[in-house]
Amino acid sequence: MATTVIYAVEMEELERWVGARDERMLREARELLREGSEEEEWEPEELKLLDRLLVRVVNEGKLYEGLDPSERYYLTQLLIDLFDEFVDSEAVTDEAPHKTLVSALDALKSREPALEPLARFFSQGRTLGGDEILWRRNEDLDDVLPFFGYLRRAEMADLLPALEHGLQRAGSTAKAVRSLPAAVRLAVETERDLLSFTG
């Protein structure tokens, strides 16, 4: 069963890889990919693709543009590996079943339309450097896992009142998102962004 956790992060720590043209960073990322964890050992063909995508990100500054669906999937996995290893993060919500979170976010969005970006990106993911979603609801969720979404601190500035108001009217349907106002408040106060990780 897929679950989602939300973290306070600085997205710049992940975005610094894009167009860095830094051989040391390339070397570190290649070592990370080759070491991998036991449950995530890449096949030789996958490693070739990941390496090509890594070079494209670091040396050419390109992300999702021009990639086919399979390449987009592997780029997301590469970015998740970089996030796990090189980005400082602090969990600001408990782990929640993704299906429950999606339902709760949909309910909030229906009461407070201003929460649409939060609901969309935290439930469906978001491409780094863009606004495209990573999981379309007509797709099998397992085909895109894991993935991440995020909101930048500037995007959260006006969300807090709508979030608190929506939760007051949401009743018991919103248990999975009760900790979101505190997470948004913490992120804004500490000048960080929020990243949702679904896996």
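If V92 satisfies all but one of (1) at positive phi; (2) surrounded by 19 or more Cβ atoms within 10 Å (Cβ to Cβ), what's the number of the condition it fails?
V92 satisfies all of (1) at positive phi; (2) surrounded by 19 or more Cβ atoms within 10 Å (Cβ to Cβ) except (1).
Given the options E164, E191, name the one that is out of contact with any His (no Cβ under 9 Å at 6 or more places or on another chain), in a loop (DSSP other than H, G, I, E, B) and not basic (K, R). Even if it seems obvious, please write down each step before you answer.
Working: E164 fails: in a loop (DSSP other than H, G, I, E, B).
Being out of contact with any His (no Cβ under 9 Å at 6 or more places or on another chain), in a loop (DSSP other than H, G, I, E, B) and not basic (K, R) holds for just one of E164, E191, which is E191.
Within the stretch 122-163, which residues are surrounded by 18 or more Cβ atoms within 10 Å (Cβ to Cβ), modelled with pLDDT under 95 and of a type in the set (D, E, K, R)?
R153
Kindly provide the set of residues from the stretch 104-121 that are of a type in the set (G, A, S) and open to solvent by 70 Å² or more (accessible area, probe 1.4 Å), ordered by number. Lay out the reasoning, then the answer.
Residues of the stretch 104-121 of a type in the set (G, A, S): 104, 107, 110, 114, 119.
Residue satisfying the conditions is S110 alone.
Taking interchain pairs and intrachain pairs at least six residues apart, which have beta carbon atoms under 7 angstrom, with the first residue in the stretch 144-167 and hydroxyl-bearing (S, T, Y) and the second in a loop (DSSP other than H, G, I, E, B)?
Final answer for the pair search is Y150/M11; Y150/R126.
Filtering the stretch 168-190 down to residues that are free of Cβ contacts under 8 Å to residues at least 40 places away in the same chain, within 20 Å of the chain's Cα centre (by Cα) and surrounded by fewer than 21 Cβ atoms within 10 Å (Cβ to Cβ), which residue is nearest to H98 (Cα to Cα)?
First pass over the stretch 168-190, keeping only residues free of Cβ contacts under 8 Å to residues at least 40 places away in the same chain: 168, 171-172, 178, 181, 184-185, 188-189.
Checking the rest, the ones that are also within 20 Å of the chain's Cα centre (by Cα) come to 178, 181, 184-185, 188.
Next, only the ones that are surrounded by fewer than 21 Cβ atoms within 10 Å (Cβ to Cβ) stay: 178, 181, 185, 188.
On the way: R178: 15, P181: 18, R185: 22, V188: 24 Å.
The selected residue is R178.
Going through the stretch 3-59 one residue at a time, which ones are open to solvent by less than 30 Å² (accessible area, probe 1.4 Å), under 30 Å from E189 (Cβ atoms) and among the hydrophobic types (A, V, I, L, M, F, W, C)?
V5, I6, A8, V9, M11, L14, W17
The values are calculated or read from the model by the stated rules, or taken from the named source; none is laboratory data. Fair warning: this is a prediction, and the values are worked out from it, not measured in the lab. No Cβ is skipped: glycine too gets one built from the backbone with ideal geometry, and neighbour counts run over all protein chains shown. Side chains are part of the model used for accessible areas, which takes the heavy atoms of the whole protein and leaves out ligands, DNA and RNA. Shrake-Rupley method; radii C 1.70, N 1.55, O 1.52, S 1.80 Å.
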